[in-house]
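Contents: one structure, followed by commentary.
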Amino acid sequence: GANGVPKTFTVFQSSGHKDLDNAVLAACKASTYTPATRGNAPVTAFYDVSYKFDLTGVEENVGSSADLQAKVAAHPTDSSSRLQLANIFLNQSDYAHAEATLVDGTHVQPSNAKIWSRLGLAYFNDGINNKDDSKLKLSADAYDKALALDPKTDTSLAAAAYFRYAFNLQTAQNSAAAQPYAAKAAQLDPKQFVYRMLTGETELSLGQTKQALDDLMAARKGDDGKQAAVSARLLAEIGSAQ
């Protein structure tokens, strides 16, 4: 603005990582600005800024997959290096190597919840990006292992994986298989009303109308109304249950 106060912020080109994009927005919003001028008069203008991120400290070797592979080979129980290596593969969308690295880790350290959770993420990304439902089942199984070892491990990610797997099962009209996964998602992340909504839909398909109505009404309380089509579907499901 002409007074030097920013009016809007927009990510023009994403880094490809939500956390980095959010960091850029936070930095821009915390910055102060001198207004542009035309002649001597301040005017409204656009200001374009780019940020470069450098990984330092404990992550300084993250760019060298060869070094990390050597570390993991020499020290198979080095879970930190294994997770860093898997992250590199994930960032490169090299799901096969990410999964192999993490599967080996579960064999060496079967009680490491973080490795199981990251394996769940690798399978999930693989399944979503390659439209492979079998990977979504493996993702759900891996998160089952992770949460059994540590109930607080990446609960929001696990909930998203359970929900997507349940959604696919429900779409395939396999409500009996979908229902427990939808319920897990809703339990892990109650703020996501669509998780509770899907739970109600599976119950409605199974003839569990009272339980379905309870879950659908609870979902309606959490509906922010921003997705008209979803809200309309939710109301229709409530009507069916009633």
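With respect to (1) under 24 Å from LYS131 (Cα atoms); (2) at pLDDT below 95, the lone exception for GLY225 is condition (1).
Among the candidates SER117, SER111, SER93, the residue that is closer than 25 Å to ALA66 by Cα and modelled with pLDDT of 95 or more is uniquely SER117. Taken over the stretch 191-208, the criterion of being open to solvent by 70 Å² or more (accessible area, probe 1.4 Å) and in contact (Cβ under 8 Å) with a residue 12 or more places away in the chain is satisfied by LYS191, GLN192, ARG196, SER205, LEU206. The set of residues in the stretch 122-161 being open to solvent by 40 Å² or more (accessible area, probe 1.4 Å) and either over 20 Å from ALA182 (Cβ atoms) or aliphatic (A, V, I, L, M) (or both) consists of ASN125, ILE128, ASN129, ASN130, LYS131, ASP132, LEU138, ALA148, LEU149, ASP150, LYS152, LEU157. Candidates in the stretch 36-58 are the residues that are open to solvent by less than 70 Å² (accessible area, probe 1.4 Å) and at pLDDT below 85; of these, the one that is farthest from LEU20 (Cα to Cα) is GLY39. Just one of the listed residues (GLN187, GLN173) is more than 25 Å from GLY120 (Cβ to Cβ), surrounded by fewer than 21 Cβ atoms within 10 Å (Cβ to Cβ) and out of contact with any Ser or Thr (no Cβ under 7 Å at 6 or more places or on another chain), and it is GLN173.
The values are calculated or read from the model by the stated rules, or taken from the named source; none is laboratory data. In this text, all values refer to a predicted model and were calculated from it rather than measured experimentally. Cβ coordinates were reconstructed from backbone atoms using ideal geometry, including for glycine residues, and neighbour counts include every protein chain displayed. Remember, those area values only see protein heavy atoms, side chains included, never the ligands or the DNA or RNA. Shrake-Rupley method; radii C 1.70, N 1.55, O 1.52, S 1.80 Å.
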